[in-house]
């Protein structure tokens, strides 16, 4: 199979979809790899490493997108819609529930679109979302701590405090992979951390894993409002696979928060779990709502490409090889987890959550 890896064009997206090691594995299996020149430079992978791995370097995005299957990190933006076509397999993060325009473009083109974030094992785990959730969760705590500084507009709180002063209070909404990683780093920084989740078994698991150092609460609107009102940093890490994120924090709750409270919305790719959330970029990452600071960067792991690129390739490569070795139709038919990643094909939606978000049929 001819596989294309174009340069990412989303603002301040420094990742690339495949490392040279991944390229070597695919070329070694007999596939042709077309890597756009410069695609890996920002992640620490210059062109010569791909060439040495047997990839063919191409000068333009058009040439990379002309492959049978295209691997990306982030969803196509409007300038890339022209490359979508019926005989293309697109394998990337898509987040279609939060993007009606992209959903329509994929359907109109008839592209077979497989989303990393909805590939799902029978136990409910999301193997291709997990590594980036780990990165985003850890970054959320670090960025939140940074924006709590007074010059950044925050409350002027040092999360670990110092002797004789209180630690900062961090509230994490969602006890999944991203939420746990955010809580872990916040605990490591010395903060007082509370995790809210609707799953009592998950809360028990977290309580046991952290030997009671992590406070847990059953998530209800009343409890969320109470915790947000007393927090210094609120991290939204809610996930409904493939679906738009539920709005757990209302604007009224934000208005009741302490001045300078920081809100970090990891779920902004799926529409955000705070009512006032809107996507921001690494160039202009924050905005204010009432007296609170909102950090809603939609591609947080893109800021640390030397970590996130190999983490992503480690997870995606087995699925990429299956698609390349068998062809998309046979690979999807023979792999239940991969089949759940199919969001659209031949002009039809194949993911119920995405369809529900847009009032369409799957």
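Looking only at residues in segment 267-280 that are closer than 17 Å to residue 172 by Cβ and in contact with a strand residue (DSSP E or B) (Cβ under 6 Å, 6 or more places away or on another chain), which one is surrounded by the fewest Cβ atoms within 10 Å (Cβ to Cβ)? So, considering only residues that are closer than 17 Å to residue 172 by Cβ and in contact with a strand residue (DSSP E or B) (Cβ under 6 Å, 6 or more places away or on another chain), the one surrounded by the fewest Cβ atoms within 10 Å (Cβ to Cβ) is 277. Just so you know, in segment 98-124 the residues that are touching a residue at least 60 places away in the same chain (Cβ under 8 Å) and assigned to a loop (DSSP other than H, G, I, E, B) include one that is surrounded by the fewest Cβ atoms within 10 Å (Cβ to Cβ), and it is 122.
Got a sec? Which of 9, 16 is closer than 19 Å to residue 316 by Cβ and either in contact (Cβ under 8 Å) with a residue 12 or more places away in the chain or crowded, with 21+ Cβ neighbours inside 10 Å (or both)?
Numbers: 9 fails: closer than 19 Å to residue 316 by Cβ.
Result of the check over 9, 16: 16.
Among the residues making up segment 301-323, a single one is within 16 Å of residue 140 (Cα to Cα) and touching a strand residue (DSSP E or B) at 6+ places or on another chain (Cβ under 9 Å): 303.
Residues that are assigned to a helix (DSSP H, G or I), in contact with a helix residue (DSSP H, G or I) (Cβ under 6 Å, 6 or more places away or on another chain) and assigned by TED's automatic domain parsing to the domain that holds residue 158: does segment 260-278 have at least one? Checking segment 260-278: at least one residue is assigned to a helix (DSSP H, G or I), in contact with a helix residue (DSSP H, G or I) (Cβ under 6 Å, 6 or more places away or on another chain) and assigned by TED's automatic domain parsing to the domain that holds residue 158. Taken together, the criteria exclude residue 158 from residues that are modelled with pLDDT of 95 or more and in contact with a strand residue (DSSP E or B) (Cβ under 9 Å, 6 or more places away or on another chain).
For the condition in contact with a strand residue (DSSP E or B) (Cβ under 9 Å, 6 or more places away or on another chain) and either more than 28 Å from residue 102 (Cβ to Cβ) or at pLDDT 95 or above (or both), residue 245 does not qualify.
Are any of the residues in segment 11-23 over 29 Å from residue 298 (Cα atoms) and in contact with a strand residue (DSSP E or B) (Cβ under 6 Å, 6 or more places away or on another chain)?
So in segment 11-23, the residues over 29 Å from residue 298 (Cα atoms) come out as none.
So far as segment 11-23 goes, no, none of its residues is over 29 Å from residue 298 (Cα atoms) and in contact with a strand residue (DSSP E or B) (Cβ under 6 Å, 6 or more places away or on another chain).
If I filter segment 301-321 for residues that are under 18 Å from the mean Cα position of the chain (by Cα) and not in a helix (DSSP H, G or I), do I get at least one hit? Yes, segment 301-321 contains at least one residue that is under 18 Å from the mean Cα position of the chain (by Cα) and not in a helix (DSSP H, G or I). What about residue 356, is it part of a helix (DSSP H, G or I) and under 22 Å from residue 68 (Cβ atoms)? So residue 356 does not fit the description; no.
The number of residues in segment 125-149 being in a helix (DSSP H, G or I) and either over 24 Å from residue 293 (Cβ atoms) or touching a residue at least 40 places away in the same chain (Cβ under 8 Å) (or both) comes to 17.
In a residue-by-residue description of segment 300-310, the property of being at pLDDT 95 or above, buried (at least 22 other Cβ atoms within 10 Å of the Cβ) and farther than 23 Å from residue 118 by Cα applies to no position.
Taking segment 169-255 and the strands (runs of 3 or more DSSP E) fully enclosed by it, the elements with 3 or more residues that are surrounded by fewer than 22 Cβ atoms within 10 Å (Cβ to Cβ) are at 215-218.
Screening residue 356 against (1) crowded, with 18+ Cβ neighbours inside 10 Å; (2) under 23 Å from residue 125 (Cβ atoms); (3) at pLDDT below 95 leaves a single unmet condition, (1).
Could you tell me which residue of segment 329-349 is surrounded by the most Cβ atoms within 10 Å (Cβ to Cβ), considering only residues that are in contact with a strand residue (DSSP E or B) (Cβ under 8 Å, 6 or more places away or on another chain) and more than 19 Å from residue 124 (Cβ to Cβ)?
Filtering segment 329-349 down to residues in contact with a strand residue (DSSP E or B) (Cβ under 8 Å, 6 or more places away or on another chain) leaves 332, 338, 341-346, 349.
The next check asks that each one be more than 19 Å from residue 124 (Cβ to Cβ); those that pass are 332, 344-346, 349.
Working: 332: 22, 344: 25, 345: 20, 346: 10, 349: 22.
Among them, the one singled out is 344.
Does residue 284 qualify as being in contact (Cβ under 8 Å) with a residue 60 or more places away in the chain and over 20 Å from residue 253 (Cα atoms)? Criteria not met by residue 284.
The values are calculated or read from the model by the stated rules, or taken from the named source; none is laboratory data. Note that this is a predicted model, so its numbers are computed, not measured. So basically every Cβ, Gly included, is an ideal-geometry build from the backbone, and we count neighbours across all protein chains shown.
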